[in-house]
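Trainee: Dumping the structure here so I can ask a few things about it.
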Amino acid sequence: MEILQTNKRVSTKLEKGFVGGRSRLSHFGRSKQEIVADAELLTAYPTALNFYTTPPTYSISLMEFEKYALERLRLLRLIERVNTTSAARNNEYFYAVIKEINKSPDLPTYSILTSSKPDEDKSDDNLYARKIDHISHFLLRLAFARTEEQRKWFITLEVDFFRLKLWICNQIDEILLQHNLPFVEAKEEARKFNKEILDSSFMMTTTVPGAMRVYKVSFTHALDLVRSRRVFLHKGYAYVPYNDVASVIALKFRSWLSESLSLLKKNIHLVDDDERLQPLITGFERRHVGTDSTAPKNGDAVSVAQLSGFSQKSFPLCMKQLYDVVQKEHHLKHWGRLQLGLFFKRLGLPMDEATKFWRSNFTKRPDIDIGRFDKQYLYNIRHMYGQEGKRADYTPYSCMKVIHSSVGPGDHHGCPFRHSDATPLRTKFVEAGIPQEGIKEILNLVELKHYQIACQRYFEWTHDKNTIEGGVTHPNQYFTESRNILTGKKTIKAEEKIETKRTVYYKSQSTQNAEEKMETTDAPEAMDEDTDAIFAAMEY
């Protein structure tokens, strides 16, 4: 797909339209260049659905770079929060995402793209929104291609957004045709294997042979359906009912995106070599999945003496488990110390108090005296607080990082909902005073691999059914919300229907400064033509 640069006047005019609402501009009184620019956008983006197979070729300013990427990041964080409160990707889930997008004043692009019929809307605003959607996706690829954890997070949420747009468009035939996807309508097989296909699909209701629409595709393109036994297989082919085709298309998109990010990683040095882009990319990385969590306010320092009480009432289960192991065994392996230590650091535990905690517990073992402790463990504590090594300000683990931790024999870190068996989990729930009804609910969520939702329910059952708006995304967020409820600062019952404003957890000062800069800067520095080389690195 060839994408041409639009006229600057058109872009400026449409951006103003986002603030005051959508304005449908007629051709009357408009220049020929503006009309041509709109035609080029319509050619480049015939539908609101984009597979992002071709990098954009536009020239954008540094201010636009940050503005577009930040809006996209806000969108993904919003989807992540909805994901923690909804397990299935059904109509209710999609309506919930759209509702949150429409409530947010910071997501004008995606409010347009998730309108009721975005493909039928050919207005200037809609076409411009499609362009920003294209650009912003590739901008965030630059920030989230480096590590496996970043790629997993980015792919998961981008696929969820892709599923949402598929659901809104509801034009499967046009999508299959436009993107040359390997689906063949199987009319004869639909009649021949009518019963088998019906038995395999949860979505089909018709029993009339030949009445249902079925597509034939290699089973490797329908692994989600194969894994859940929701599709009929015959001689290496999956026979997919029309209503399930969207799932297969989303799986194909996931495969494309995963491949392209892996290839981009090999060329990421092009970004690292650009002094203008590197600070922006680093800023977006720090906002990744809650890793830029809120620092404690002045005066909020925590002492070792407070930890015991906090652990019983306000620690998430992942941190309570680590704390209890230290108290019982007077030892913790490296990754456990790092997970718990960074959690303590963000809680407001000063370095000298942290040293006191680890030293007092570890030296209770007969084989560790103060001298050995200082020699073997003190450096790591100082390093964690940025006092040794490269003096980095290490941030605490987010829920996603905890969940995706590698846990081996004898390890206690990671997420208990993912890495523990049902029996020890049940014991922990009983000790926490959760009734059988709650234990059954949480274990069912664990079995379905909805770990963050399980943690949310654990919070609710241990806090008199009070809940966390937007779901649990970070252990330190869990702690803060718990303290707010227990001290009477906040009370939100889980059964209440909450009309919430969108909130951005863990918003750093650098993020705030960037947003203020975007609002006040009138003449942003333009990016040089060598930006094309960076986007060229995304080709595959």
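Trainee: Kindly put T53, T355, T109 in sequence by how many other C-beta atoms sit within 10 Å of each C-beta, fewest to most.
Mentor: The fewest-first ordering by Cβ neighbours comes to T53, T355, T109.
Trainee: May I ask you to work out the translational diffusion coefficient for the stretch 338-443 at 4 °C, viscosity 1.567 mPa s, via Stokes-Einstein with Rh from the Kirkwood sum over Cα pairs, reported in whole µm²/s?
Mentor: So the translational diffusion coefficient is about 80 µm²/s.
Trainee: Assuming a ≥ b ≥ c are the square roots of the Cα gyration tensor eigenvalues, decide whether the stretch 304-486 counts as rounded (a/c under 1.5), prolate (otherwise, with a/b larger than b/c) or oblate.
Mentor: Prolate, because a/c is 1.5 or more and a/b exceeds b/c.
Trainee: So for each of 250-256, 141-147, 364-370 I average, over its residues, the number of other beta carbons within 10 Å; can you give me the resulting order with the highest mean first?
Mentor: Packing order, densest peptide first, comes out as 141-147, 250-256, 364-370.
Trainee: Mind ordering 93-102, 128-137 by average Cβ neighbours within 10 Å, highest first?
Mentor: The densest-packed peptide leads the list: 128-137, 93-102.
Trainee: Under the rule of at least 5 residues apart or a separate chain, name every residue whose amide H is placed under 5 Å from the amide H of V217.
Mentor: Long-range HN contacts for V217: A238, V240.
Trainee: Right, here's the next one. Given the pairs K131/K266; K345/K401; K313/K375; K67/K401, which are separated by over 24 angstrom at their Cα positions?
Mentor: Pairs exceeding 24 Å: K131/K266; K313/K375; K67/K401.
Trainee: What does the net charge come to around K235 if you take all other residues with beta carbon closer than 15 Å to its beta carbon, with K and R at +1 and D and E at -1?
Mentor: That sum, taken over residues with Cβ under 15 Å, equals -1.
Trainee: Could I ask something else about it? Which length gain, in nm to one decimal place, applies between S59 and K375 when the Cα-Cα distance is subtracted from 0.36 nm times their residue separation?
Mentor: Extending this stretch completely gives an extra 108.3 nm.
Trainee: In addition: With a 10 Å radius around each residue's Cβ, average the other Cβ atoms per peptide and rank 150-159, 395-404, 171-180, highest first.
Mentor: Per-residue Cβ counts within 10 Å, averaged per peptide and sorted highest first, yield 395-404, 150-159, 171-180.
Trainee: Please order E437, E64 by the number of other Cβ within 10 Å, starting at the fewest.
Mentor: The order, fewest Cβ neighbours first, is E437, E64.
Trainee: Tell me, what ³J(HN,Hα) does each residue in the stretch 58-66 have, in order and in whole Hz, if you take phi through Karplus 6.51 cos²θ - 1.76 cosθ + 1.60 with θ = phi - 60° and put x for Gly and Pro?
Mentor: 6, 9, 10, 7, 4, 5, 5, 3, 6
Values in this text are rule-based calculations from the coordinates and carry no lab data. All figures in this text were calculated on a predicted structure; none of them were measured in a lab. Cβ atoms come from the backbone with ideal geometry, glycine included; neighbour counts cover every protein chain shown.
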